[in-house]
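Trainee: Here it is, the structure, as structure tokens.
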Number of protein chains: 2
Amino acid sequence: MIELTKQKRQMNLGAFFMIPGHHVAAWRHPESQTDDILSFELYRQLAQTAERGKFDMLFFADGYAVHDRDGVGIEQTVNVRPDPLPLLSALSVVTKHIGLTATASTTYNEPFHLARKFATIDHLSRGRAAWNVVTSSSEAEALNFSKDHHLEHSKRYERAEEFVEVVKKLWDSWEDHALLIDRESARFADPTLVHQLNHKGKWFSVKGPLNISRPVQGHPVIIQAGSSESGKELAAKTAEVIFTAWQTLGEAQNFYKDVKGRLKKYGRSAESLKIMPGVFPVIGRTEKEANEKKQHLVELIPEKVGVGLLSALISYDLSNFPVDEPLPNLPDIKDINGAKTRFQLVKDLGDRENLTIRQLYQRVAGARGHREIKGTPIQIADQLQEWFEHGAADGFNIMPPYLPAGLEDFVDLVIPELQNRGLFREEYTGQTLRDHLGLQRPSNHFNQINV
Amino acid sequence: MIELTKQKRQMNLGAFFMIPGHHVAAWRHPESQTDDILSFELYRQLAQTAERGKFDMLFFADGYAVHDRDGVGIEQTVNVRPDPLPLLSALSVVTKHIGLTATASTTYNEPFHLARKFATIDHLSRGRAAWNVVTSSSEAEALNFSKDHHLEHSKRYERAEEFVEVVKKLWDSWEDHALLIDRESARFADPTLVHQLNHKGKWFSVKGPLNISRPVQGHPVIIQAGSSESGKELAAKTAEVIFTAWQTLGEAQNFYKDVKGRLKKYGRSAESLKIMPGVFPVIGRTEKEANEKKQHLVELIPEKVGVGLLSALISYDLSNFPVDEPLPNLPDIKDINGAKTRFQLVKDLGDRENLTIRQLYQRVAGARGHREIKGTPIQIADQLQEWFEHGAADGFNIMPPYLPAGLEDFVDLVIPELQNRGLFREEYTGQTLRDHLGLQRPSNHFNQINV
């Protein structure tokens, strides 16, 4: 019996932190902690709560600009946040098991710097680092990096693909046993196990080697979020986890099947890539309490913030349209130089349920295009289980509406229910994030080709 | 009496960590810890020891390449190290008072990223961050960042000056009281206290604002090391601490007077810039023990490593010259596209004492051009006091030969002697690094000009 239970497929869970919560009005909620959102204590508490819940990893999104759409972004939303990379390494000191994931963009960084920073965090945390690879699509970010315009979609993905390739080779540039540290013979390292990349590509020329030895995990776990055609192809080639956003079971199943089907041509197994849709859980001890919690959040959204958020999600300015009427005619998706999948998702939701702009922003203000699940702990677990067992997800990225209370609710109420069903671990059994996710340690590029 | 003691001028001390020690053969020394130089435990121990010693700050140098001169760099020296920025934030969690300083280059970074990372560390540590501003002068680094050649000396400094200016404005872009966090009126921040830079310079265009609020210290402390003409001018304009390298009292006094004299034209007082030469202390309980310690280290230097190190220090390859003869004729200093002051310093030392290449590398292998002080704790304290009281230094950057033992010796043997003389604090009296150093919190650029 115990053996059988052990072998049952279990879901992977990420704790996705937006401070002070995923809902755009979270900071106004009485249970969110906003008094000192840049002090370490809040983050320590969140990380330790997620670890108490046995989450596979915690995750911070990121961006490189202040967004002030219609002048209300600064006034009415949270636009300051710590850089997630130094934050992760600080959190590595106060946690022991949980994986540590940060977003970093390939559009305005250098492969050498990111390879080294994630390798450092992987060493300091003894194998718990993950990199959520994104491209930067906002004009506001371009203008902070001496560019006039942001890169066009296909170029961003082309650059991202080369960037990831270079980073992986940098991680491999010191083979696992390169350090000898033999004081007597004065051999610190074996030079035959240390490699130059001599990479010369379209976007980067990087000689290498990196100046830190191979990460504990070989490579920190590679995560991606893009769900466009180029995003899916890049993920099938390079990602080990996909954070994605779907509203309906059918859409999620199609995506799951599509991406898993692309793995074979890159010589990869279906298990080598975990698909984890984001979910925004509104948890009540009763259904009524859950509905009231949701309604409370909706009422906290300032109108201009709602319209601005919706405009940002679809990369199209809605501020001059009547807020109590349906979406206007939108441009063709091919003319959207932003997150194309997000555009389609939000547009489909509006069309399908014939929602006004106000109704639509109220619907997406928390989950921002991700799936909202609402109800009692049993109902929440049911909704996760349905997708997990019907070919739509390997796990979920949990997006608490407000923090820390929304995370505590999930850990104290939903996780025990998932554990009772045998769907989630009771204890950590491995040491590294790869262990938690069931991902293999990658072989070394330089070793494979017998350099 | 107590009042008088309190008012006595006291020195500032930095703990400068090269792992596992400043001496090039430190890793071969039986008392250095090299078994796991990428695990956090070593750094935790060092930081806590330095804090026990009441150091103003700890400091990590950095670089962006593996140096493998003559093929012995990888084999016989330590070429792997954590990225100091994530390391500092991890150390902020296990310390309470000590300042946290990292080197980061203006040559291969973006102002937005560095401003944000140092601001993050300053917030997480509640006001203890400092940035050692350097330019990158090695070809090996250029080749890791898609460049064919490294930037020429004057261009590096021009870029550095603009870089620091942009970073400071980014730190100022959220004024101190910009965050309101008023849930009731839905006002998170006051937009009139948040500023765009709209910077358009020769090297950078940065719109801003930064996406993190003003650091606890206003600006993290700005440190510089360059001692060339452009380095001194940049320091007089922008630095609050100078890490510098001098062998003799006279040289150090000239430099001290020169740089302090340049402050007035930038509207700065002499106290607004602290000059802290590096010193490499070899401490014995007796003079004989100190001499033996030094001799032991010298004997551990592999010949090729010694020649390679000397070559790197003067940016000139000495590998084809006889090692037991004096330096050959060297190029004119104006043709050296490296650290010009270091070149002159090492050349002068060789000429002054008529040293062979071997003798010279043995002399500089630890201190790398910095001052070596050797002897009993009383003799070490005498040597520090002499410079401190004779217009050569406001304090010192202590460079232990090997770690952690070399640091422990300084903390346990030398610091009490300095404290007995009233030359160094017995307890921390302030909260931030600026408090320790006696530096003012900077006013806000945007506020000054009444934007």
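Trainee: Taking the label point as lying 7 angstrom from Cα along the Cα-to-Cβ axis, what are the distances from B:Asn329 to the corresponding position in the remaining copies, in ascending order and in nanometres?
Mentor: 8.2
Trainee: What are the ³J(HN,Hα) couplings of region A:263-268, residue after residue, when phi is run through the Karplus curve with 6.51, -1.76, 1.60 and θ = phi - 60°? Round to Hz, x for glycine and proline.
Mentor: Values, residue by residue: 5, 4, 5, 9, x, 10 Hz.
Trainee: Moving on to the next point. For A:Glu152, A:Glu51, A:Glu110, give me the order by solvent-accessible area with a 1.4 Å probe, most accessible first, ignoring ligands, DNA and RNA.
Mentor: A:Glu152, A:Glu110, A:Glu51
Trainee: List the pair-distance distribution P(r) of the protein assembly as shown, using every Cα-Cα distance, as the percent of pairs falling in each 20 Å bin from 0 up to the bin containing the longest distance, rounded to whole percents.
Mentor: The distribution over the protein assembly as shown is 14, 46, 31, 9, 0, given as percents.
Trainee: Another question about this same structure. Please get the size of the charge dipole for region A:156-242, origin at its Cα centre, with Cβ charges of +1 on Lys and Arg and -1 on Asp and Glu, quoted in debye to the nearest 20.
Mentor: In total the dipole reaches around 300 debye.
Trainee: So what is the relative contact order of chain B, in percent, for Cα pairs below 8 Å that sit 6 or more residues apart?
Mentor: So the answer I get is 24 percent.
Trainee: Right, here's the next one. Any idea of A:His67's accessible area? Nearest 10 Å², probe 1.4 Å.
Mentor: 90 Å²
Trainee: For B:Arg126, tell me the accessible area in Å² from a 1.4 Å probe, rounded to the nearest 10.
Mentor: Answer for B:Arg126: close to 130 Å² accessible.
Trainee: While we're here: If you find the alpha carbon centre of region B:346-390 and of region A:214-266, how far apart are they in angstrom?
Mentor: 58 Å
Trainee: Using amide H atoms built in the peptide plane, which far-off residues or other-chain residues are under 5 Å from A:Lys274 H to H?
Mentor: A:Val241, A:Ile242
Trainee: To continue, here is another question. Would you list A:Lys207, A:Lys54 from the most to the least accessible area, probe 1.4 Å?
Mentor: Listed by decreasing accessible area, they come as A:Lys207, A:Lys54.
Trainee: Only Lys, Arg, Asp and Glu count, each charged at its Cβ (+1, +1, -1, -1), so figure out the dipole size of chain B about its Cα centre, rounded to 20 debye.
Mentor: Here chain B has a charge dipole of around 1280 debye.
Trainee: To one decimal in nm, how far is B:Arg126 from the same spot in the other copies, if labels go 7 Å from Cα toward Cβ? Please give the shortest first.
Mentor: 2.8
Trainee: If DNA, RNA and ligands are ignored and the probe is 1.4 Å, what is the ranking of A:His370, A:His149 by accessible area, most exposed first?
Mentor: A:His149, A:His370
Trainee: Using the Karplus curve 6.51 cos²θ - 1.76 cosθ + 1.60 with θ = phi - 60°, what ³J(HN,Hα) values do you get for each residue of region B:319-332, in whole Hz, with x for Gly and Pro?
Mentor: Values per residue, Gly and Pro as x: 5, 9, 10, x, 6, 9, 10, x, 3, x, 5, 9, x, 5 Hz.
Trainee: Suppose a student asked you for the relative contact order of region A:302-364, using Cα pairs under 8 Å spaced at least 6 residues apart; what percent would you report?
Mentor: Once normalised by length, the contact order is 43 percent.
Trainee: Could you tell me which helices of chain A pass both thresholds, a Cα extent of 15 Å or more along their own axis and a mean Kyte-Doolittle hydropathy of at least -1.0, with helices taken as whole DSSP H runs?
Mentor: Correct list, ordered by number: A:40-52, A:111-124, A:303-314, A:377-389.
Trainee: Now for a separate question. Once the label point is placed 7 Å from Cα along Cβ, list for A:Gln48 the distances to the corresponding points in the other copies, in nm, shortest first.
Mentor: 1.7
Trainee: A:Leu197 accessible area, nearest 10 Å², 1.4 Å probe?
Mentor: Estimated to the nearest 10 Å², A:Leu197 gives 30 Å².
Trainee: Next up: Give me, ordered by chain and number, the residues 5 or more places off A:Leu100 or on other chains with an amide H under 5 Å from its own placed amide H.
Mentor: Sorted by chain and number, the residues that satisfy this are A:Leu58, A:Ala129, A:Ala130.
Trainee: Here's another thing I want to ask about it. Along the Cα→Cβ direction, 7 angstrom out, place labels at B:Glu426 and A:Ile378. What is the inter-label distance in nm?
Mentor: Going from the B:Glu426 label point to the A:Ile378 one covers 6.8 nm.
Trainee: Looking at the protein assembly as shown only, what percent of DSSP beta bridges run antiparallel? Nearest 5 please.
Mentor: Here the antiparallel bridges make up roughly 15 percent for the protein assembly as shown.
Trainee: Then there is this: Return the calculated 222 nm mean residue ellipticity for chain A, to the nearest 500 deg cm²/dmol, obtained by summing -39500 (n - 2.57) across DSSP H runs with n ≥ 4 and dividing by the residue count.
Mentor: Calculated from helices alone, the mean residue ellipticity at 222 nm is -11500 deg cm²/dmol.
Trainee: Need one value for A:212-220: mean number of C-beta atoms belonging to other chains within 10 Å of its residues' C-beta atoms.
Mentor: Average per residue, whole number: 2.
Trainee: Using each residue's phi in region A:393-404, evaluate 6.51 cos²θ - 1.76 cosθ + 1.60 at θ = phi - 60° and report the 3J(HN,Hα) Karplus result to the nearest Hz, with x for Gly and Pro.
Mentor: 6, 9, x, 9, 9, 7, 10, x, x, 9, 10, x
The values are calculated or read from the model by the stated rules, or taken from the named source; none is laboratory data. The structure displayed is predicted, hence computed values, not measured ones. No Cβ is skipped: glycine too gets one built from the backbone with ideal geometry, and neighbour counts run over all protein chains shown. Note: areas computed on protein heavy atoms with side chains; ligands, DNA, RNA excluded. Shrake-Rupley method; radii C 1.70, N 1.55, O 1.52, S 1.80 Å.
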